[in-house]
Amino acid sequence: MKDRHEILRSLHLDIPVVVSPMFIVSQQQLVLESCKNGVMGTFPALNNRTTEGFEQWVIEIKEELRAEEERRGKPLPVFGVNLIVHKTNPRVQADLEVIVRQQVPVIITSLGAVKEVIDAVHSYGGLVFHDVTNTYHAQKAIDAGVDGLILVSAGAGGHAGTLNPIPFVTEIRKMFDGVILLAGALSTGRDVATALQMGADLAYMGTRFISTREAMADQAYKDMIIEAGTQDIIYTASVSGIPANWMVRSLEAAGITKDMWDQKAKADFGAEHEAKAWKNLWSAGHGVATIDDNPAVADLVDRLKREMREALQEQSQRADKF
């Protein structure tokens with residue numbers, strides 16, 4: 001495994017932020033605008049319906065970023081692709097072949113830390129970051145040879161964990177000298193500074209970037225995020241059978257009412273309404289509480305940089321007083 005400081009330098013980030021790969025929401029425009037403005041953009045391979053289409057997206061992103069680098073005369077942040085490594089994903093092998101052929105810089109693996117996948121990415125010098133929600137799965141990923149661990153803590157959007165981030169980061173750092181990314185309700189530059197103070201190397205943000213102009217989300221979804229507070233998020237397995245954080249109003253609109261939230265079975269919408277219901281089921285994390293606008297990615301990243309630097313400076317000044 002490469003030295004983590006070497007890895008962090010190779011990402012060419014202006015600010016230690018990775019925009020997480022989100023279902024439907026993360027497509028070319030969000031990835032490109034993220035990288036062009038100093039943070040890492042990512043997207044799920046499955047956001048394109050075919051492996052051929054996925055490869056075309058990768059080619060387009062690589063070409064545009066390369067052209068922008070030539071124009072600026074310096075490297076931009078790298079991009080990443082999320083690969084669902086699970087037997088229920090029939091495209092794993094085909095998409096992995098695209099990843100190797102196109103030499104995607106960073107791969108984010110979910111639902112399985114498979115050594116053969118990691119070795120394939122390492123064969124061309126790529127990096128593998130893996131989602132974990134507890135120390136058991138973290139150790140399995142470490143044993144498989146990942147370069148980074150994404151600690152999905154309580155309050156994250158989607159299939160979040162339940163651990164408090166402070167002891168989670170500390171415990172993982174004792175086990176692992178690679179890159180640590182912290183996920184879970186991070187929406188501001190001050191949150192990024194806090195993640196660094198806890199011992200994480202990178203902040204992993206999803207919900208905050210749903211409500212940006214470049215995100216491929218319905219405007220109603222973005223508006224709901226802006227209007228929501230922590231009380232509007234529910235952690236439930238009643239949607240997919242796996243516990244995740246969802247926006248209450250979207251569940252209720254789909255017929256998943258409060259008395260169903262304790263259920264663990266996947267919601268059954270009936271064949272006639274299945275596709276429409278899933279399209280309008282919206283996930284978000286507790287970070288909605290600090291989101292109140294729908295900016296362009298460029299403006300959001302500029303704000304995050306300013307807020308992070310101000311927070312770090314403030315912390316330094318406070319430390320000098322003790």
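All of the numbers you see were taken from the coordinates with simple rules; none came from a lab. Note that this is a predicted model, so its numbers are computed, not measured. Glycine also receives a Cβ, built like all others from the backbone with ideal geometry; neighbour counts cover every protein chain displayed.
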At R0 = 30 Å, FRET efficiency that the Cβ-Cβ distance of residue 262 and residue 292 yields, to 0.05: 0.45
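Would you mind calculating the gained length between residue 322 and residue 50 on full extension (0.36 nm times residue separation, minus the Cα-Cα distance), in nm to one decimal?
Between residue 322 and residue 50, full extension yields 92.1 nm more.
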Percent RCO, i.e. relative contact order, over the stretch 200-250, from Cα pairs under 8 Å lying at least 6 residues apart: 21
Within straight-line cross-link reach of residue 62, aspartates and glutamates at Cα separation under 16 Å, skipping those fewer than 8 residues along the same chain: 33, 52, 70
Per-residue [θ]222 nm for the chain (sum of -39500 (n - 2.57) over DSSP H runs n ≥ 4, rounded to 500): -12500 deg cm²/dmol
Residue 134-residue 94 FRET efficiency (beta carbon distance; Förster radius 45 Å; 0.05 resolution): 0.90
Taking the chain and dividing mean pair separation by its residue count, relative contact order in percent (alpha carbons under 8 Å, at least six apart): 17
Shape category assigned to the stretch 96-225 from the gyration tensor of Cα positions, a/c cut at 1.5: oblate
Residues with amide H under 5 Å from that of residue 114, placed H, sequence gap 5 or more: none
Most mobile listed residue (157, 255, 148) in the chain, GNM with C-alpha springs under 10 Å: 255
Normalised per residue, the volume of the convex hull around the Cα set of the chain (Å³): 142
Pairwise FRET efficiency - residue 279 versus residue 67, Cβ, R0 = 41 Å, nearest 0.05: 0.75
Burial order of peptide ranges 191-204, 92-105 (average beta-carbon count within 10 Å, highest first): 191-204, 92-105
Whole-Hz couplings from phi, Karplus 6.51/-1.76/1.60, listed for the stretch 207-217; x for Gly and Pro: 3, 4, 8, 5, 8, 10, 5, 7, 6, 8, 10
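In this model, which of 74/305; 2/140; 174/321; 36/279 are farther than 22 Å apart at the alpha-carbon? Display every interim value, and only then the final one.
Working: 74/305 19 Å; 2/140 18 Å; 174/321 30 Å; 36/279 29 Å.
Pairs exceeding 22 Å: 174/321; 36/279.
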